[in-house]
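To start, the structure under review is shown below, and the notes come after it.
Rule-based calculations on the coordinates, nothing more; no lab input. Just so it is clear, the structure is predicted and the values come from calculations on it, not from any experiment. We place every Cβ from the backbone using ideal geometry, glycine too, and count neighbours over all the protein chains shown.
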Amino acid sequence: MEIIRRMGNMFGARGIPEGMHDRVPKGQYVTPKMPVMNLSYGPRLSADDWRMSITGLVEREIALDWPAFLALVSVDEVVDFHCVTQWSRLNVRWEGVPVSTVIDLASPKPEARYAMIHGSGGYTTNVDLAVLRAPEVLFAHKMDGEPLEPNHGYPVRLVVPSRYGWKSAKWVTGVELMAQDRPGFWETNGYHMRGDPWREERFSHA
Ligand SMILES: Nc1nc2c(c(=O)[nH]1)N[C@H]1C(S)=C(S)[C@@H](COP(=O)(O)O)O[C@H]1N2
Ligand SMILES: [Mo]
């Protein structure tokens, strides 16, 4: 408890705002700003050179470029974001294309049940396809009304509100559909395969 409070102070948070307790999973505190959490460096990508491929168990592999991506119908949403290092930011506004819309362009095969999300520089993370198909799961290109900042994943990042933040891969370059689940980068290094914050699935105990 003491540790949580001190970490909260590090980000200038004051615990959990009045009336917000049911929005904050166990072991999390609320931070007013979105911290930057990068594995190593934050790549500077150009939208002109960016591509996102859909590969693996699909009828036809595709690669979307920036104009093709922006031509898809975007939605707006306000959701909460929970990082496994215990900060939560409430009411983050995203604009982006539902992941289902993008994946369906490649016609997934019925055997596809899991996805490996690939980020620029070799970042990977696994997510169940059923989770990715929830309407609030987006490939976001705007945060708080502005194009993503480079550090937050420009030009396109994944947003999976129902999972800890490490599943929300930044600088997304590919989705690979799979029949069997496989660990990504953090999952290989001790993080939970599923990462549901409401079940406090932070680490795997295998
Ligand atoms: N490609 C990539 N995506 C990533 C990460 C990363 O290091 N590389 N960090 C993850 C973690 S641990 C979190 S909490 C969120 C943080 O998003 P933010 O930096 O926009 O706050 O990005 C996730 N996506
Ligand atoms: Mo995180």
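The table that follows gives values for the structure above.
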item: Helix-only mean residue ellipticity at 222 nm for the chain, each DSSP H run of n ≥ 4 adding -39500 (n - 2.57), per residue, nearest 500; result: -3000 deg cm²/dmol
item: Tail fraction, Cα-Cα pairs, region 7-130, threshold 22 Å, whole percent; result: 53 percent
item: Approximate spin-label separation residue 41-residue 85, in nm, with each point projected 7 Å along Cα-to-Cβ; result: 1.9 nm
item: Sparse-neighbourhood loop sites, GluC sites (Glu not before Pro) in region 44-90 - DSSP loop, at most 10 other Cβ within 10 angstrom; result: 59
item: Selection from 75, 168, 35 lying farthest towards where the dipole of the chain points positive, charges on Cβ; result: 35
item: Least to most buried among 78, 137 (fewest other Cβ within 10 Å first); result: 78, 137
item: Test item: Cα-centred dipole of region 125-192, Lys/Arg +1 and Asp/Glu -1 on Cβ, debye; result: 60 debye
item: Within straight-line cross-link reach of residue 33, lysines at Cα separation under 21 Å, skipping those fewer than 8 residues along the same chain; result: 142, 167, 170
item: Mean separation of Cα contacts under 8 Å, 6 or more apart, over the residue count of the chain: relative contact order %; result: 22 percent
item: Two-site label geometry, residue 133 and residue 188: point separation in nm, points 7 Å out along Cα→Cβ; result: 2.9 nm
item: Rg/Rg_globular for region 51-99, with Rg_globular taken as 2.2 N^0.38 Å and Rg from C-alpha atoms; result: 1.55
item: D (Stokes-Einstein, µm²/s), Kirkwood Cα radius, region 74-175, 1.002 mPa s at 20 °C; result: 157 µm²/s
item: Theoretical gain in end-to-end length, residue 100 to residue 48 [0.36 nm per residue, Cα-Cα removed]; result: 16.4 nm
item: Distance between modelled label sites at residue 111 and residue 65, nm, 7 Å Cα→Cβ extension; result: 3.3 nm
